[in-house]
Amino acid sequence: MTRKNKINIQLLKLMRKESSLTQAELAARLGVSRETVSAIENEKQETINSLSIDLIEKWWKVCGQRSSIKIRNEFMQNIIQFFNLDFINRP
């Protein structure tokens, strides 16, 4: 299944880097392989299409707090679009 919206992978990568984590360290915290983190950061379409909201939520919990406000805000907007979560912004 190909998603209509695209996730900004560079934001995920920036969050990891701002958190001073290697791919291996992040992978261990997420419960995935380093190869999976690498595939995501290198925008391997197969891996990107299979991203779950659970994995993104874990990435956010591990890296989001250490990321700049600008990156956090951009990330949240991108995730809302990627997972089609428009209802979050509705009254």
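The values are calculated or read from the model by the stated rules, or taken from the named source; none is laboratory data. Not measured: the values here are computed from a predicted model. We place every Cβ from the backbone using ideal geometry, glycine too, and count neighbours over all the protein chains shown.
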ask   = Of all the residues that make up region 20-59, how many are hydroxyl-bearing (Ser, Thr, Tyr), at negative phi and modelled with pLDDT of 95 or more?
value = 4
query = Based on what the data block shows, is Leu55 aliphatic (A, V, I, L, M), out of contact with any helix residue (DSSP H, G or I) (no Cβ under 6 Å at 6 or more places or on another chain) and in a loop (DSSP other than H, G, I, E, B)?
reply = no
remark   = Of the residues in region 20-56, those that are closer than 20 Å to Gln77 by Cβ and exposed (fewer than 13 other Cβ atoms within 10 Å of the Cβ) number 3
note = All conditions in (1) assigned to a loop (DSSP other than H, G, I, E, B); (2) touching a Phe, Trp or Tyr at 6+ places or on another chain (Cβ under 9 Å) are true of Glu43 except (2)
key: Filter pass, Glu43 being among the acidic types (Asp, Glu) and closer than 21 Å to Gln81 by Cβ   = yes
